[in-house]
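J.: Please read through the structure below; I'll follow up with questions.
The values are calculated or read from the model by the stated rules, or taken from the named source; none is laboratory data. Everything numeric here is computed off the predicted structure, so don't read it as measured data. So basically every Cβ, Gly included, is an ideal-geometry build from the backbone, and we count neighbours across all protein chains shown.
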């Protein structure tokens, strides 16, 4: 390989960059907290502004960008609306320390984010992984499509059945939380207030400090790199994440 081209993209250190293949673009971010979209050397397409501290990691799925930051959040962006209102779709809160890795699972549509805690502050194990159910609803004239509505109604029915039959109080609480989220989304859709569906399906903690994450898409095995120079492999996430999360 040889140096083909280069340009100054930021005033401060760049910590992450991803390719937007369908648009032949590159997306960069770092200590400025600003995400920039580039078509080529010096050809700035737009910016995504919203993080309050450095952007440490990013992942793409279609035209949706997920970014993790030192501000403890994962943000969800519509790259097609860069530099305009409405580009920020959602802010996901769930980490208590810097988000160091994100991965958008193409096979299931879920999102994985990882962070590293200071156990002297949080009292928790050092590495934390969150599995999110993040799916952008199809919007047609301000409402969900009939297909998406039917899918939501089916899930709500399954969850209600599971809630009635479940005896374990902890599992019942988890099912109820997911059920409430789906019912809210269905109610909002009738008012034309469709938003991102964002639910924490599962969490995983580990004594070592996570530094990066990747997923082997063939069998959805999650692999985590740690500061202690080891690779941590979690249990494989099946196609039906509901079953793995203890939901009906």
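J.: Residues in the stretch 1-51 that are at pLDDT below 85, part of a loop (DSSP other than H, G, I, E, B) and under 21 Å from residue 84 (Cα atoms): how many?
T.: Total satisfying the criteria: 2.
J.: Among the numbered criteria (1) at pLDDT below 60; (2) under 28 Å from residue 219 (Cβ atoms), which one does residue 140 miss?
T.: (2)
J.: At pLDDT 75 or above, at negative phi and within 24 Å of the chain's Cα centre (by Cα): does that describe residue 160?
T.: Here the answer is no, as residue 160 does not meet what is asked.
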